[in-house]
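**Student:** Input: one structure, supplied below.
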């Protein structure tokens, strides 16, 4: 939603900088943390703590607690978006570089569009849309095809497939959220979904036997710092900046994070994480970003909803 009074320029730049760079940096933070903390347990800790903190803050500021039906909807979306989507992301980052992870997840708008065409019938498959989808899928194929390594190390196939499952799960959750009863307050809605998803991730971690092989004292300060960064900066600070921006700018403009985050993630992974940037990574990234720009700049109500929904739930990628 746009409002008449615009904030000071420095506040706007700071808020956009946060959603561009903090969210882009969370991919490396995930990789650092899951190398020492089991992935499902790590995701459970992140979202349970972030959700609890955000929920407590919203209640203290007078926001009503979710109703029974709203908790049910939050639990369902928590399964799809957090237990499935983020569970796959955290698991995959044990195997796939953080920059590549961000690029593959940038295909989320393409999956949302496919579901809108096939299921909701709210989007028409035009020539431009079809071309954008093909370019995006071509970018993913370049990244996943080991015969096109172009001098780079092959990407783990299982990890790459898990990321595609994650992207599809997010898209499905976005479509589902349009039909479910959720709290009117977006921060409270996000808090409820993070809490529900975090609890489910604890159950997944237990089923995977992660508690028995987790030893907190053996985890380095670096890994704990990465997890704290994900909770505070990625899931609370950046989300607050996002909500604030939506009061002054359109979801389309705020949603430009979708094609900035992958670039930031690839650069940070290279500069700080020792990840390689070769011809294949550059080509795949370029193709995916061209696809994302082509899809997200289509002026439809559905595109506006996608830009808003993509981050109102996760508060972090």
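**Student:** Looking only at segment 168-187, which residues are modelled with pLDDT under 90 and closer than 21 Å to residue 93 by Cα?
**Tutor:** Residues satisfying the conditions are 170, 171.
**Student:** Further, regarding this structure: Has segment 115-128 got any residue that is at pLDDT 90 or above and more than 16 Å from the chain's Cα centre (by Cα)?
**Tutor:** no
**Student:** For segment 106-131, give me each residue that is in a loop (DSSP other than H, G, I, E, B) and on the phi < 0 side of the Ramachandran plot.
**Tutor:** 106, 107, 122, 123, 124, 125, 126
**Student:** Then there's this: Can you name every residue in segment 249-259 that is in a helix (DSSP H, G or I) and surrounded by fewer than 17 Cβ atoms within 10 Å (Cβ to Cβ)?
**Tutor:** 252, 253
**Student:** With within 21 Å of residue 29 (Cβ to Cβ) and outside any helix (DSSP H, G or I) as the only criterion, which of 96, 103 stands out?
**Tutor:** When all the criteria are applied, what remains is 96.
**Student:** At pLDDT below 85 and touching a helix residue (DSSP H, G or I) at 6+ places or on another chain (Cβ under 9 Å), is that true of residue 255?
**Tutor:** yes
**Student:** Let me ask something additional. Under the condition of being over 20 Å from the mean Cα position of the chain (by Cα) and not in a loop (DSSP other than H, G, I, E, B), which residue from segment 145-160 is modelled with the highest pLDDT?
**Tutor:** Taking segment 145-160 first, the residues over 20 Å from the mean Cα position of the chain (by Cα) are 145-157.
Retained after the next criterion (residues that are not in a loop (DSSP other than H, G, I, E, B)): 146-148, 157.
Details: 146: 67, 147: 66, 148: 64, 157: 85.
Here the residue is 157.
**Student:** What is the residue count in segment 78-95 for residues that are closer than 14 Å to residue 171 by Cα and surrounded by fewer than 23 Cβ atoms within 10 Å (Cβ to Cβ)?
**Tutor:** Of the residues in that region, 3 qualify.
**Student:** Give 172, 245 a once-over and let me know the one that is touching a helix residue (DSSP H, G or I) at 6+ places or on another chain (Cβ under 9 Å), crowded, with 19+ Cβ neighbours inside 10 Å and farther than 26 Å from residue 57 by Cα.
**Tutor:** Criteria check complete, one pass: 172.
Here is a yes/no grid of residues against (1) surrounded by 18 or more Cβ atoms within 10 Å (Cβ to Cβ); (2) farther than 19 Å from residue 262 by Cα; (3) in contact with a helix residue (DSSP H, G or I) (Cβ under 8 Å, 6 or more places away or on another chain):
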site: 47; (1), (2), (3): yes, yes, yes
site: 118; (1), (2), (3): no, yes, no
site: 125; (1), (2), (3): no, yes, yes
site: 128; (1), (2), (3): no, yes, yes
site: 144; (1), (2), (3): yes, no, yes
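**Student:** If only one of 196, 190 is surrounded by 21 or more Cβ atoms within 10 Å (Cβ to Cβ), within 30 Å of residue 71 (Cβ to Cβ) and at pLDDT 90 or above, which one is it? Lay out the reasoning, then the answer.
**Tutor:** Numbers: 190 fails: at pLDDT 90 or above.
Only one candidate qualifies: 196.
The values are calculated or read from the model by the stated rules, or taken from the named source; none is laboratory data. In this text the structure is predicted, and so the values were computed from the model without any measurement. As a convention, Cβ positions derive from the backbone with ideal geometry for all residues, glycine included, and neighbour counts pool all protein chains shown.
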